[in-house]
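Below you'll find the structure, written out as structure tokens, and then a few comments.
No value in this document is a laboratory result; all are computed from the given coordinates. These figures come from a predicted structure and were not determined experimentally. Counting neighbours? That spans all protein chains shown, and the Cβs are built from the backbone with ideal geometry, glycine included.
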Amino acid sequence: MARGEAGRTGVTRAAAVTDEEVTIRKCEALDEMQACFALQQEVWKFADRDLIPVRVFVVAGKIGGQVIGAFIRNEPGNEPRSELIGFALSIPGIRNGHCYLHSQMLGVRQQYRNSGLGRRIKLFQREDALARGFELMEWTFDPLEIKNAYLNIEKLGAIARRYNVNQYGITSSPLQGSLPTDRLVAEWWMKSKRVEAVLGGSPRAEFECRSRINVPAEIYQWKAEATTRPQALAVQEGNRAQFQRAFAGGLSVLGYERDQRGNGGFLLGAWDESWRY
């Protein structure tokens, strides 16, 4: 997990939380922005030079972006309080004359991962964005992170058709394994029939799969150990070339599969622009 959307969810067993126990809302007070900054440090374990400062969180909330927090109610003794256990940061952008939101970070405290909290935060982002007239949200994610890719493509309905090579350079986060920070760009067309169907519990629309790009389940272990890191790098470089050829040929990531061993696979096909509406 390096800067960008929350990456690895890992194999951590999620702490049991109910919808009633967690409140998701916009962060507005300075101490809430500071809590987001602290959770960023905890999740990514960046060196100081790679951290997004508190003032960027503050500004984002004032210029049309989003600072959204997930708070759980704790009651130590007779002093009930809310603790931040997840957050998302987004900033407004513009491309080809159209405004969109770029979701720069989404992080969840380790013991609450794999609980569906990240998806709930994304849905809150979508609700707020649509209410303010945005139809597109983008974010970047590590194509080697299997669970995150599955969430983005299959559970949220995002697509991908751009690949950024070493976007942030070699970062200080140990979660990146000292590999180049290659990123896929997720496009979330929030009002599209594709997204509405997926979020409504229906299967995503079928398409002709014209290419498949695989990620082995062992990639996390290979990234974590210096002796096996060259294997992870070889997968990254091989997949990078496949993505670049596929995208140059007009294909897009439209599906994602995982098998029983935990291997992942990107499914690529032709994206029809009319599907955005």
Ordering of 162-171, 100-109 by packing [mean C-beta count within 10 Å, highest first]: 100-109, 162-171
Eligible aspartates and glutamates near LYS26 by straight Cα distance, threshold 16 Å, same-chain separation 8 or greater: GLU83, GLU127, ASP128
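At 222 nm, what helix-only mean residue ellipticity would the chain give, in deg cm²/dmol to the nearest 500, using -39500 (n - 2.57) for each DSSP H run of four or more?
On the way: 7 runs with 77 residues, N = 277.
Counting only the DSSP helices, I get -8500 deg cm²/dmol.
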How big is the dipole moment of the chain about its Cα centre under a simple scheme where the beta carbon of each Lys and Arg is +1, that of each Asp and Glu is -1, and everything else is neutral? Debye, nearest 20, please. 460
The rounded separation in angstrom of the Cα centers of region 48-117 and region 146-179 is 18
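Is the shape of region 87-223 best called rounded, prolate or oblate, per the rule: a/c under 1.5 gives rounded, else a/b larger than b/c gives prolate, else oblate, with a ≥ b ≥ c the square roots of the Cα gyration tensor eigenvalues?
Here region 87-223 falls in the rounded category.
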Which Cα, out of GLY200, GLN236, ALA226, lies furthest along the positive dipole direction of region 149-259 (beta carbon charges, K/R +1, D/E -1)? GLY200
Name the residue from GLN167, PHE134, PHE37 whose Cα lies farthest towards the positive end of the charge dipole of the chain, charges +1 on Cβ of Lys and Arg and -1 on Cβ of Asp and Glu. GLN167
Would you work out if region 185-277 is rounded, prolate or oblate? Take a ≥ b ≥ c from the square roots of the eigenvalues of the alpha-carbon gyration tensor; rounded if a/c is under 1.5, else prolate when a/b is larger than b/c, oblate otherwise. prolate
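Shape of region 227-277 from its Cα gyration tensor (a ≥ b ≥ c, root eigenvalues): rounded if a/c is under 1.5, otherwise prolate when a/b > b/c, or oblate? Don't jump to the answer; show the numbers that get you there.
Working: a/c = 4.10, a/b = 1.68, b/c = 2.45.
Judged from the Cα gyration tensor, region 227-277 comes out oblate (a/c at least 1.5, b/c at or above a/b).
Of the peptides 194-205, 122-133, how do they stack up when ordered by the mean number of other Cβ atoms within 10 Å, highest first? Before the final figure, lay out each step's value.
Values: 194-205: 13.7, 122-133: 15.8.
Most protected by this proxy first, the peptides run 122-133, 194-205.
Please state the charge dipole magnitude for region 197-254, taken about the Cα centre, from unit charges on C-beta atoms (+1 on K and R, -1 on D and E), reported in debye and rounded to the nearest 20.
Magnitude of the dipole: close to 120 debye.
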